[in-house]
Structures are given as C-alpha cells and as structure tokens.
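Structure first, commentary second.
Every number in this text was worked out from the coordinates using simple rules, so none of it is lab data. Keep in mind that what you see is a predicted model, and the values were worked out from it rather than measured. A quick note on method: Cβ atoms are made from the backbone with ideal geometry, for glycine too, and the neighbour counts reach across all protein chains shown.
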C-alpha cells in the first residue's frame, strides 16, 4: 500500500503512564523511562489516540486475537515498522511494548533518518 501523498511526521511525547492506540488495533506502551519521544509516519486515514495506562478500559477492537512483543531501546534511535502500516522512530532508554494482531509483523532496526529530536 503506497501513500498517495507525502507522509507527514506525527510527534508524540509519552509519559510512562500513557499509551498510544493506533486505528483501534495497535497499542504502544513503554517502561523504565520517565518519558520518550515517538515520531510516527502513517497515512491520514489511521487514527491515533493517547490514553492513560491506568484506565483499564480496552480500547482495541474485540474482533481480533492479539500478541504482545517487547523490545529494548538502549538510548540509540530505533526505527520500528509495523505490518507495512506505519513506521516510527523511538528515542530513549526504555523497553517498548507493542500489542498487535497476531498476523501482523514487526521489524526493528537502527533508524534510517538521523536527525535528532529536541529535548
């Protein structure tokens, strides 16, 4: 799926008490750090919502079965691609946890774009 127009970055700063839910079927949380910066690149038809992690309400669709994957981000900027739907850059020293449908794949590597986020 190729975008019809340029993907614009969407920048989020998450505290360790918050989570992102993307299009009602991907959930992103992290631990260890006080806050991290995420830069997401995805089509405009995807929705992004930020919730408090203490809110036990399930914000994911019930139609799918999910798996959870965790990755360490050791202070080096990483690029995470989720199921050809989006990619994001993560900066910080933390463990990032992504809950997604079982048939979607995740790729993690060093970031291709090397600009730095301002703190």
| Tell me, what is the percent relative contact order of the chain, built from C-alpha pairs under 8 Å that lie six or more residues apart? | 28 percent
| task | With a point put 7 Å past each Cα toward its Cβ, work out how far residue 23 is from residue 47 in nm, to one decimal. | result | 1.4 nm
| the stretch 10-110 - convex hull of the alpha-carbon atoms, volume per residue in Å³ | 89 Å³
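Could you compute the FRET efficiency for residue 102 and residue 31, with r as their C-beta to C-beta distance and R0 at 25 Å, rounded to 0.05?
With R0 = 25 Å, the Cβ-Cβ based efficiency is 0.65.
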